[in-house]
Amino acid sequence: MPNYKEIVTKAIIAKGKKLFTTNHKVHVTQHPSTILGCWVINHNFNGVKNGQQIQINGSYDINIWYSYDNDTKTDVVRETNHYSEVVHMRSREDESTGEEIIVRSLKQPNCVQVSIDGDDILYTVEKELGIELVGDIKVKIEASPDEDPWDEIVEEAKTEEQIEKIDEEIKEDFIDEKTI
């Protein structure tokens, strides 16, 4: 008859990922002619649990390099965007407690589209976040009542010649008194 034991351990009790797309508009003082580049840096975020929802708060900086005055001059507009995303998570296990939230950026924020609208620059940012909830969970395992048998280690018997050879190799004055 099997013997079962219960173990309480930490495990991932919910896991998911979501792609977020946001549109932004920034006003510039010069009328832009051409967008020369757009990049996103300094992405910071964290997550908090609120019931069955995970709220992810974060921010990133956007830098848009553009030309103006008929492509004769350039400038960079810098902006910090703050976001708050809500993700609905459903736990895989009903008997879990003490969730810890791990949020990872699976795809860093990236500017996927930029366009000019008068004195405004419109841009779209995509990011993908992965969320894991870690909690205590109880699992049952089968415990074997019999202990695994131990293998016997047998040393080889030494012959008289082998013993004499070992005795000859032993140096009784192995410590050199000059080095002390």
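Read-outs: derived from the displayed coordinates by stated rules, not from any lab. All values reported here derive from a predicted model rather than from experimental measurement. Counting neighbours? That spans all protein chains shown, and the Cβs are built from the backbone with ideal geometry, glycine included.
Summary table below
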read-out: Within the chain, longest stretch free of exposed GluC sites (Glu not before Pro) [DSSP loop, at most 11 other beta carbons within 10 Å]; value: 1-94
read-out: Segment 101-113 - phi-based ³J(HN,Hα) in whole Hz, Karplus 6.51/-1.76/1.60, Gly and Pro as x; value: 9, 10, 10, 10, 8, 7, 9, 4, x, 9, 7, 9, 7
read-out: Directionally averaged projected area (convex hull, Cα atoms, the chain), nm²; value: 27.5 nm²
read-out: Per-residue [θ]222 nm for the chain (sum of -39500 (n - 2.57) over DSSP H runs n ≥ 4, rounded to 500); value: -1500 deg cm²/dmol
read-out: Members of LYS17/LYS107; LYS10/LYS140; LYS49/LYS107 lying beyond 18 Å, as alpha-carbon distances in this model show; value: LYS49/LYS107
read-out: Helix 160-169 vs. the chain, principal-axis angle (Cα, 0 to 90°, nearest 10); value: 60 degrees
read-out: Relative contact order, percent, the chain [alpha-carbon distance under 8 Å, six or more residues apart]; value: 31 percent
read-out: Residues HIS27 and THR74, FRET efficiency given R0 of 22 Å [Cβ-Cβ distance, rounded to 0.05]; value: 0.80
read-out: Interchain or long-range residues, amide H under 5 Å from MET89's placed H; value: GLN53, ILE54
read-out: Two-site label geometry, GLN162 and LEU106: point separation in nm, points 7 Å out along Cα→Cβ; value: 6.1 nm
read-out: Radius ratio Rg over Rh of segment 82-165, counting only Cα atoms, Kirkwood formula for Rh; value: 1.52
